[in-house]
Amino acid sequence: MKIQMQKGLKKGFTLIELLVVITIIAILASLAVPTFGRIQERGNITKGISNARQIITALRIYSSDHSGNYPDVSTGAAPAPGDPPADNSTANGVFRALFTEQILDSEQIFGCPVSSVGNPDGNIGTSPSFTEALGPRENHWMMTGGASDSASGSVPLVYENSAGTSEWDPQWNAKAAGTNAQGRSWSGGKIIIGQNDSSVALQQLEDKTSQSTALKKSGSDNMFTRFADSGFKVLPVEGAGN
């Protein structure tokens, strides 16, 4: 009695079938990478917004104890003998007052994902001067000098470092979106800005591809030019080349 073997049960993939499978996998991967990148950036933006909001909260806690003034106007208690004088010429120096006033004990909120100039090392030094807090290239955030907690709620108070300028109505680098270049924007030419009313959000730049572009205007002005005659100034970050 002959037993006939069933043919084809162990047949493998043909070369064409393998190529089709590989092609499908490659297409799916190419679709997934941009999606993952957008999800990752959204997470980074959320972290940046949270950091800016926490900085503003700390500033307002400070102002509540100093007649409504922020640290650049009222630098708090006089330095102890031998300590350097309080520095209110840069955002780093102003933010250090939040440590000497014991409002903050960690500098991590002064960083931001994808930042070339704001990577705190966690070393804030010792009480009472905390001279190691927010050294050069350890702070991502600029600040408006000359404001107070009673100024208009729409005044831009805390915002991402600009592209090499500390002039009022600063410029950012939209062309470097997604990189760690100084003054870079997020994709689509957007910047995180926290206002004096404690609101924090992405704000659109005028040009989405320019290396140097200001905030987009609404009518005849933007968030900065609206207060051009108020005497406010941009306090730069240390170590950014501003």
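Assorted remarks:
- Residue among 204, 182, 211 that alone is assigned to a strand (DSSP E or B) and polar (S, T, N, Q): 204
- The residues listed here are 128, 170; of these, the one that is within 29 Å of residue 67 (Cβ to Cβ), of a type outside the set (A, V, I, L, M, F, W, C) and buried (at least 23 other Cβ atoms within 10 Å of the Cβ) is 170.
- Test result for residue 180, of a type in the set (S, T, N, Q), buried (at least 21 other Cβ atoms within 10 Å of the Cβ) and out of contact with any Phe, Trp or Tyr (no Cβ under 7 Å at 6 or more places or on another chain): no
- Filter result for residue 106 (without any contact (Cβ under 8 Å) to a residue 24 or more places away in the chain and not in a helix (DSSP H, G or I)): yes
- Qualifying residue in the range 67-85 (condition: touching a strand residue (DSSP E or B) at 6+ places or on another chain (Cβ under 9 Å), in a helix (DSSP H, G or I) and either within 24 Å of residue 155 (Cα to Cα) or modelled with pLDDT of 95 or more (or both)): no
- Conditions (1) touching a strand residue (DSSP E or B) at 6+ places or on another chain (Cβ under 6 Å); (2) part of a loop (DSSP other than H, G, I, E, B): number failed by residue 193: (2)
- If the condition is being in a loop (DSSP other than H, G, I, E, B), more than 16 Å from residue 153 (Cβ to Cβ) and touching an Asp or Glu at 6+ places or on another chain (Cβ under 6 Å), then the range 215-231 contributes only 216.
- When we screen 153, 231, 194 for residues that are in contact with a Pro (Cβ under 9 Å, 6 or more places away or on another chain) and of a type outside the set (D, E, K, R), the only hit is 194.
- Selection from the range 183-203 of residues that are of a type in the set (S, T, N, Q) and surrounded by 17 or more Cβ atoms within 10 Å (Cβ to Cβ): 185, 195, 196, 203
- Residue list for the range 171-200, restricted to those being among the β-branched types (Val, Ile, Thr) and closer than 25 Å to residue 227 by Cα: 191, 192, 193, 200
- Any chance residue 189 is within 18 Å of the chain's Cα centre (by Cα) and not polar (S, T, N, Q): yes
- Filter result for residue 208 (among the charged types (D, E, K, R) and out of contact with any helix residue (DSSP H, G or I) (no Cβ under 8 Å at 6 or more places or on another chain)): no
- Residue, farthest from the chain's Cα centre (by Cα), within the range 134-179, restricted to residues that are among the hydroxyl-bearing types (Ser, Thr, Tyr) and in a loop (DSSP other than H, G, I, E, B): 150
- Any hit, the range 176-183, residues being polar (S, T, N, Q) and closer than 22 Å to residue 104 by Cα: no
The values are calculated or read from the model by the stated rules, or taken from the named source; none is laboratory data. Everything quoted here is computed from the prediction, not taken from an experiment. Note that each Cβ is placed from the backbone with ideal geometry, even for glycine, and that neighbours are counted across all protein chains shown.
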